[in-house]
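Heads up, the thing below is written out as structure tokens.
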């Protein structure tokens, strides 16, 4: 960081504060001329790339997850706030994975796992579209798996 007065690169931070837009405001003092100045640091996130089923790539859009969840949770006791929190958790999980590219399949699995604990009916709705159930039998298999997991959870409690 160069001092805007004397161009010296040595400074000390006097104060740091987060701003409303997510950046960090720092008040600095030049160690050479003792002048004070303000800098703003913007957190630069690496974009997440989604590899779709057809092999095309696009930038991750959390709104697509929200849209899918809204459809799955239609007329269910799930609030918009819960949907937004779930989609934010998915995005955070993807960013924390240290991978820059994820398949739509990986993302769908993460969404389904989180949705399963939020609302089982919404989970089944989402899974039926996501997994493209071909017939009633595959749908029934998913319901049996869900029932077995619920019963084993009750037994553990």
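Read-outs throughout are calculated quantities, based only on the coordinates presented, and are distinct from any laboratory measurement. Just so you know, these numbers come straight off a predicted model, no measurement behind them. Heads up, the Cβs are rebuilt from the backbone with ideal geometry, glycines too, and the neighbour counts pull from every protein chain shown.
With r defined as the distance between the Cβ atoms of residue 136 and residue 109 and R0 fixed at 25 Å, what FRET efficiency is calculated, to the nearest 0.05?
Calculated value: 0.65.
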Query - Cα-based helix-to-principal-axis angle, 62-72 vs the chain, degrees rounded to 10 - result: 30 degrees
Query raised in the report: Between rounded, prolate and oblate, where does the stretch 101-157 land on the alpha carbon gyration tensor, with a ≥ b ≥ c its root eigenvalues, rounded for a/c under 1.5, else prolate if a/b exceeds b/c?
Result: oblate
Query raised in the report: To the nearest 10 degrees, how steeply does helix 104-118 sit against the main Cα axis of the chain, on a 0 to 90 scale?
Result: 80 degrees
Report summary line: Given 83-93, 141-151, the highest-first ranking by average Cβ count within 10 Å works out to 83-93, 141-151
Query raised in the report: What FRET efficiency, computed as 1/(1 + (r/R0)^6) with R0 = 41 Å and r the Cβ-Cβ distance, is obtained for residue 117 and residue 40, rounded to the nearest 0.05?
Result: 0.60
Query raised in the report: To the nearest 0.05, what FRET efficiency results for residue 80 and residue 156 with a Förster distance of 22 Å applied to their C-beta separation?
Result: 0.10
Requested in this report: Output the peptides 106-118, 57-69 sorted from most to least packed, where packing is the average of other Cβ atoms within 10 Å over each peptide's residues.
Outcome: 106-118, 57-69
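For the chain, what does the relative contact order come out to in percent, with C-alpha contacts under 8 Å and a separation of six or more?
Once normalised by length, the contact order is 15 percent.
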Query raised in the report: For the Cα atoms of the chain, what angle does the longest principal axis make with the long axis of helix 120-130, in degrees from 0 to 90, nearest 10?
Result: 90 degrees
Requested in this report: Run the quick spin-label model on residue 58 and residue 147: label points 7 Å from Cα toward the beta carbon, then report their separation in nm to one decimal.
Outcome: 3.8 nm
Query - Whole-angstrom gap from the stretch 81-157 to the stretch 31-72, using each part's C-alpha centre - result: 23 Å
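Give the Rg/Rh ratio for the stretch 49-156, taking Rg as the radius of gyration of the Cα atoms and Rh as the Kirkwood radius, to two decimals.
With Rg and the Kirkwood Rh in hand, the quotient comes to 0.98.
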